[in-house]
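The values are calculated or read from the model by the stated rules, or taken from the named source; none is laboratory data. None of these values were measured; they are calculated from a predicted model. Reconstructed Cβ throughout: ideal geometry from the backbone, glycine too, with neighbour counts over all protein chains shown.
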């Protein structure tokens, strides 16, 4: 947005964007408006990262070992 001056019309003062160079057709301005409106309306979603069990800090803590059948398998599997 540029500076608001006396030469600007009320519509120009309310405009969300302004074309400063070139002579776009009405269709090009409509396409630009649609793209900017869609980008502004799109939710900003940060994709969830898959949890890597090998680098998980909780893996550094040792869980209690419980003797009994199958205990040797449970000692090595990530929880």
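Just a few scattered comments:
- Scan of the stretch 12-34 for residues that are loosely packed, with under 10 Cβ neighbours inside 10 Å, modelled with pLDDT of 85 or more and not in a loop (DSSP other than H, G, I, E, B), ordered by number: 26, 27
- Residue check for residue 37: more than 24 Å from the chain's Cα centre (by Cα) and surrounded by 10 or more Cβ atoms within 10 Å (Cβ to Cβ): no
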